[in-house]
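Working notes for the structure below.
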Amino acid sequence: ALMSPRNFARLYVAETNQTPAKAVEAMRVEAARSLLERGQLPIKVIANQCGFGDEEGMRRSFVRLIKVTPSDYEKRFKKG
């Protein structure tokens, strides 16, 4: 993009009202939500596939963004 990371972050925030890190976290949570709804993979595998460091990192992001743990989300929204 021919700009410094700091300048990119500044412009990103100006356009989206969120930092690049928060955007990545939201995308990871959305991907994990989709996989949890399918109910075919263990939470540990989903956390790994979605780029979280571990299950605890995914749990913290879920609670912060959607106010529910991944296991509770899976119980509520699992299809099938």
Name the single residue, out of those in the range 24-58 being charged (D, E, K, R) and open to solvent by less than 60 Å² (accessible area, probe 1.4 Å), that is nearest to residue 76 (Cα to Cα). 37
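Looking only at the range 36-46, decide whether some residue is without any contact (Cβ under 8 Å) to a residue 40 or more places away in the chain and of a type in the set (Asp, Glu).
Filtering the range 36-46 down to residues without any contact (Cβ under 8 Å) to a residue 40 or more places away in the chain leaves 40-46.
With the extra rule that they be of a type in the set (Asp, Glu), the set shrinks to none.
No, the range 36-46 contains no residue that is without any contact (Cβ under 8 Å) to a residue 40 or more places away in the chain and of a type in the set (Asp, Glu).
Restricting attention to the range 9-23, which residues are open to solvent by 90 Å² or more (accessible area, probe 1.4 Å) and more than 14 Å from the chain's Cα centre (by Cα)? Please lay out each step first, then the result.
The initial filter retains those residues of the range 9-23 that are open to solvent by 90 Å² or more (accessible area, probe 1.4 Å), namely 10, 15, 17, 22.
Once the filter is applied, which keeps residues that are open to solvent by 90 Å² or more (accessible area, probe 1.4 Å) and more than 14 Å from the chain's Cα centre (by Cα), the range 9-23 yields 10, 15, 17.
The values are calculated or read from the model by the stated rules, or taken from the named source; none is laboratory data. Since the structure is predicted, the reported quantities are computational estimates derived from the model, not experimental observations. Note: ideal-geometry Cβ built from the backbone for every residue, glycine included; neighbour counts use all protein chains shown. When the accessible area is computed, the model is the full protein with side chains, heavy atoms only, and any ligands, DNA or RNA have been set aside. Shrake-Rupley method; radii C 1.70, N 1.55, O 1.52, S 1.80 Å.
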